[in-house]
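Structure first, then comments.
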Amino acid sequence: MANNKQLVLNNYVNGVIGVPQESHMYLSTASISSKVEQEYKIGVVLVKNLYLACDPYMRIRMGNHQNREFGNFIPGYPINGFGVAKVLDSTHLSFKEGDFVWGTTGWEEYSVITTPERLCKIHYTDVPLSYYAGILGMPGLTAYVGFFEICSPKTGDHVFVSAASGAVGQLVGQFAKFLGCHVVGSREKVELLKDRLGFDGAFNYKEEPDLNAALKRRIRMQGFVVFDYCSMYPKFLDMVLPYLREGRLVYVEDITEGILNGPAAFLGIFTGKCFGKKVIKVSGE
């Protein structure tokens, strides 16, 4: 048996848009076996978590309102989300000890995954494993689908990227530049947007005249659920990996060390205290 530090939901966050506080989570320690327990059926994976992704959608799961899409976290139990892990033991035919995976896992040092269909085996390890919590994971696929499939862009289009310094926005802007679009981002951290990510410009919507009327006349609004496009993941990797290896695609991470600092790291994505993809490093590889 081993000790397993976990981040547990303390109580629900009030309202749909209320900002969570560190007090909404607490660190707990439980015991976990170093092998898949015999009472589990075939198809269970025991992993050591390496990186945990701080994603905005997790805030929705911290409330007690109805959430059909993702399901709510339960007070007194560890929260979960996307992460990168190493397989320690497995009774699933697709995973073996030593494999690296990304997908849904607990915010804890070790997790027993009883739904391994939510895991993807990592085949390319010549890039940082933390990238699978961001650019090569759900945020990256979101940027790819949202831009290329939903927006149907053309060379020469003018593209405005909101939250341009975030995990998804920084990729959308660079995808647009690769296609030959003129890209403008929201003004936060403007120097980095223009100098490192190659944006053509940026502006602060709080300092500009009200553009709502113009946007309503011209903007196209369409929502999507990225999980409906999982079949496009191989095509997405085929495009992004060469750009990463060649250094043509810049990806900015903001990594916090230690699960103990998880609550502060998570809150940072709502308070503007991070730039790029916020990731918690739980353990070394």
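The values are calculated or read from the model by the stated rules, or taken from the named source; none is laboratory data. Only a predicted model underlies this, so the values are computations on that prediction, with no experimental measurement involved. Counting neighbours? That spans all protein chains shown, and the Cβs are built from the backbone with ideal geometry, glycine included.
Go over the candidates 86, 48, 41, 96 one by one and state the one that is in the same structural domain as residue 28 (by TED's automatic domain parsing), modelled with pLDDT of 90 or more and part of a loop (DSSP other than H, G, I, E, B).
On inspection, the qualifying residue turns out to be 96.
Check every one of the strands (runs of 3 or more DSSP E) wholly within the stretch 114-186 and list those with 1 or more residues that are touching a residue at least 12 places away in the same chain (Cβ under 8 Å) and under 26 Å from residue 99 (Cβ atoms).
Result: 119-121.
When the stretch 174-187 is examined, which residues are found to be closer than 18 Å to residue 252 by Cα and at pLDDT 90 or above?
Selection gives 174, 175, 176, 177, 178.
Would you check if residue 193 is assigned to a helix (DSSP H, G or I), modelled with pLDDT under 90, surrounded by 20 or more Cβ atoms within 10 Å (Cβ to Cβ) and outside the structural domain of residue 271 (by TED's automatic domain parsing)?
It is true that residue 193 is assigned to a helix (DSSP H, G or I), modelled with pLDDT under 90, surrounded by 20 or more Cβ atoms within 10 Å (Cβ to Cβ) and outside the structural domain of residue 271 (by TED's automatic domain parsing).
Checking the structure you have, find out if any residue of the stretch 22-33 is among the polar types (S, T, N, Q), loosely packed, with under 13 Cβ neighbours inside 10 Å and not in a helix (DSSP H, G or I).
The answer is yes, given that some residue of the stretch 22-33 is among the polar types (S, T, N, Q), loosely packed, with under 13 Cβ neighbours inside 10 Å and not in a helix (DSSP H, G or I).
If only one of 134, 146, 156, 83 is in contact with a Leu (Cβ under 6 Å, 6 or more places away or on another chain) and either under 25 Å from residue 26 (Cα atoms) or not β-branched (Val, Ile, Thr) (or both), which one is it?
83 is the lone residue from the list that is in contact with a Leu (Cβ under 6 Å, 6 or more places away or on another chain) and either under 25 Å from residue 26 (Cα atoms) or not β-branched (Val, Ile, Thr) (or both).
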